[in-house]
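The values are calculated or read from the model by the stated rules, or taken from the named source; none is laboratory data. As the structure is a prediction and not an experimental result, all values here were calculated from the model. Cβ atoms come from the backbone with ideal geometry, glycine included; neighbour counts cover every protein chain shown.
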Amino acid sequence: MANKLNINVTIEDIRLPLQVTSSDEERVYREAASTIQRRIQRLRDAYPNLPNDKYYYVMAMLNTAVEAVKAADRIDNQPYIDMMHDIEQEIDSLGTK
């Protein structure tokens, strides 16, 4: 089992203790926390009169989820679909000989 690193990231003065398995994973978590913090601040600047902080947090989560969905939609699965079609055709031709 790999050694785990204990790290802390902070978002909105909330300290989150985490365990990661590598310095690369640590970098990803720290970068993600910074991205969320910047996003919340941009939302505060754009919408200064929202009733409470929850609105900024939820808006930041929604924006992040929208980006994740868009990224997933950009993944091109067609080469794999074509490959599976070719394999199926080859398997079918083997059965008819």
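Considering every residue within the stretch 42-56, establish whether at least one is assigned to a helix (DSSP H, G or I), hydroxyl-bearing (S, T, Y), modelled with pLDDT of 95 or more and in contact with a helix residue (DSSP H, G or I) (Cβ under 6 Å, 6 or more places away or on another chain). Spell out how you get there, then give the answer.
Step one: of the stretch 42-56, the residues assigned to a helix (DSSP H, G or I) are 42-46, 53-56.
Narrowing further to those that are hydroxyl-bearing (S, T, Y): 55-56.
Narrowing further to those that are modelled with pLDDT of 95 or more: 55-56.
Subset that is in contact with a helix residue (DSSP H, G or I) (Cβ under 6 Å, 6 or more places away or on another chain): 56.
Within the stretch 42-56, one or more residues are assigned to a helix (DSSP H, G or I), hydroxyl-bearing (S, T, Y), modelled with pLDDT of 95 or more and in contact with a helix residue (DSSP H, G or I) (Cβ under 6 Å, 6 or more places away or on another chain).
Could you list, in sequence order, all residues of the stretch 18-36 that are part of a helix (DSSP H, G or I) and either of a type in the set (F, W, Y) or surrounded by 15 or more Cβ atoms within 10 Å (Cβ to Cβ) (or both)? Quick ask: steps written out before the conclusion?
To start, the set of residues in the stretch 18-36 that are part of a helix (DSSP H, G or I) comprises 23-36.
Across the stretch 18-36, the qualifying residues are E25, E26, Y29, R30, A33, I36.
Quick check: anything in the stretch 7-17 assigned to a helix (DSSP H, G or I), free of Cβ contacts under 8 Å to residues at least 40 places away in the same chain and among the charged types (D, E, K, R)?
In the first step, residues of the stretch 7-17 are kept if they are assigned to a helix (DSSP H, G or I); the result is none.
Scanning the stretch 7-17, I find no residue that is assigned to a helix (DSSP H, G or I), free of Cβ contacts under 8 Å to residues at least 40 places away in the same chain and among the charged types (D, E, K, R), so the answer is no.
Name every residue in the stretch 43-97 that is touching a Leu at 6+ places or on another chain (Cβ under 7 Å) and of a type in the set (G, A, S), in order of residue number. Can you show your working first?
Restricting attention to the stretch 43-97, the residues satisfying the condition of being touching a Leu at 6+ places or on another chain (Cβ under 7 Å) are 56, 59-60.
Correct list: A60 only.
Given the condition within 20 Å of the chain's Cα centre (by Cα) and in a helix (DSSP H, G or I), answer yes or no: does some residue in the stretch 76-89 qualify?
Step one: filter the stretch 76-89 for residues within 20 Å of the chain's Cα centre (by Cα), giving 76-77.
With in a helix (DSSP H, G or I) added as a condition, the list becomes none.
No, that holds for no residue.
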